[in-house]
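Here it is, the structure, as structure tokens.
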Amino acid sequence: MNIRCFQRNFSAALPPLVPLQLPSPMETHLWYILPDEVKSVALLNQYSELLSPCERENVNRMCGDQLKKRALLARALVRTTIARYQMNCEINPRSLKFRKNIYGKPEVEWQNEDNFSPLPLHFNISHTTSMIACGVTVNVPIGIDVEEKQRRIKNNITAFAQRYFSPYEVKLLTAISDPEVQCQEFIKLWTLKEAYVKALGKGFSAVPFKTFTIQFRAPAIRNLHPPGISVSEASEEIVESSNDPTNLTNNWQLALLEVAGSHYAAICMERDKTVGGEANMPMKLTVRKTIPFVEDVCVSGTDAVLALGGIIEQ
């Protein structure tokens, strides 16, 4: 479903962004763009005009046209995605300002202006050479990661897992005899762990993968409904501290998807206890493919988004 509307107030040269309601409690909106599908130099130049001078300078410092293009698309995706979540097209994507926490995770720095209340919006971005994704929630932190399914692991999988993963996870991987299946399960687990540390807002350097274990007790998503509704039930999942196995937390929900037939995407969001998070309230999920200002397509409930379970337990 293509979504288009008319906008009056920020650029006559660009088509409109569609204003959207904020995600509901325990809902994630996942937006993604495929860089290879953006071929218009004029459109890329328009995206560049949305960036701050500092962002534009950082993009121009990149070596190689493809790196510059992906960096530009990542910043444009964040700005246009966040600008959608308001009423009456009042937020100009150019005007958004960002700051980073002490670990480098970006956040929106809302301006204190009369008659404007900052949106309780959280976002996170991830990208590969062939996909850029942005996840959005309200009130609760989110972390996302996308990885190519055909990503090649140069190292021996078992040795690589022993270096980065917990003993429990290494045991699961080494029990898989098929090398291709083992590689796929390694990528899935890496994607999930990456999403978790990004949701914490700390990243790999502050929370090494080896210091925690993700255990799934049920498929990560049990149900995907038709487009526009797309509700997922998160698994009963536990994050276990390797330093203290008695320190278990179920404060987080994780979902693992196959997107566009070519990528794994992991989403991690904190439970919102104000809406029954302690009771494992189902996570809602809506996925949209976009080329900002050109088209937005809701792909939830289609073959472009498949729900997957956690790592195979043998």
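Taking the stretch 257-314, which residues are touching a helix residue (DSSP H, G or I) at 6+ places or on another chain (Cβ under 8 Å), at pLDDT 80 or above and of a type in the set (A, V, I, L, M)?
Hits for the stretch 257-314 are Ala265, Ala266, Ile267, Met269, Ile291, Val294, Leu308.
Okay, residues lined up against (1) surrounded by fewer than 17 Cβ atoms within 10 Å (Cβ to Cβ); (2) free of Cβ contacts under 8 Å to residues at least 24 places away in the same chain:
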| position | (1), (2) |
| --- | --- |
| Val59 | no, yes |
| Gln66 | yes, no |
| Ala71 | no, yes |
| Arg75 | no, no |
| Arg99 | yes, yes |
| Ile102 | yes, yes |
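Hey, among the residues in the stretch 130-166 that are more than 25 Å from Val297 (Cα to Cα) and in contact with a Ser or Thr (Cβ under 6 Å, 6 or more places away or on another chain), which one's surrounded by the most Cβ atoms within 10 Å (Cβ to Cβ)?
Ser166
Inside the stretch 117-129, can you point out the residues that are surrounded by fewer than 19 Cβ atoms within 10 Å (Cβ to Cβ), farther than 30 Å from Val181 by Cβ and touching a residue at least 12 places away in the same chain (Cβ under 8 Å)?
Within the stretch 117-129, Leu119, Pro120 meet the criteria.
For the stretch 182-204, which residues satisfy the criterion of being touching a helix residue (DSSP H, G or I) at 6+ places or on another chain (Cβ under 7 Å) and either over 15 Å from Ile153 (Cβ atoms) or of a type outside the set (S, T, N, Q) (or both)?
Cys183, Glu185, Phe186, Leu189, Lys193, Gly203, Phe204
Next up: Any residue at all in the stretch 174-197 that's basic (Lys, Arg) and assigned to a loop (DSSP other than H, G, I, E, B)?
Keep residues of the stretch 174-197 that are basic (Lys, Arg), which gives 188, 193.
Checking the rest, the ones that are also assigned to a loop (DSSP other than H, G, I, E, B) come to none.
Scanning the stretch 174-197 turns up no residue that is basic (Lys, Arg) and assigned to a loop (DSSP other than H, G, I, E, B).
Inside the stretch 25-128, counting only strands (runs of 3 or more DSSP E) that do not spill past its ends, which hold 2 or more residues that are at pLDDT 90 or above, of a type in the set (A, V, I, L, M, F, W, C) and under 25 Å from Cys298 (Cα atoms)?
Correct list: 27-33, 121-127.
The values are calculated or read from the model by the stated rules, or taken from the named source; none is laboratory data. Small disclaimer: the values here were computed from a predicted structure and weren't measured. Methodologically, a virtual Cβ is constructed for each residue, glycine included, from the backbone with ideal geometry; neighbour enumeration extends over all protein chains shown.
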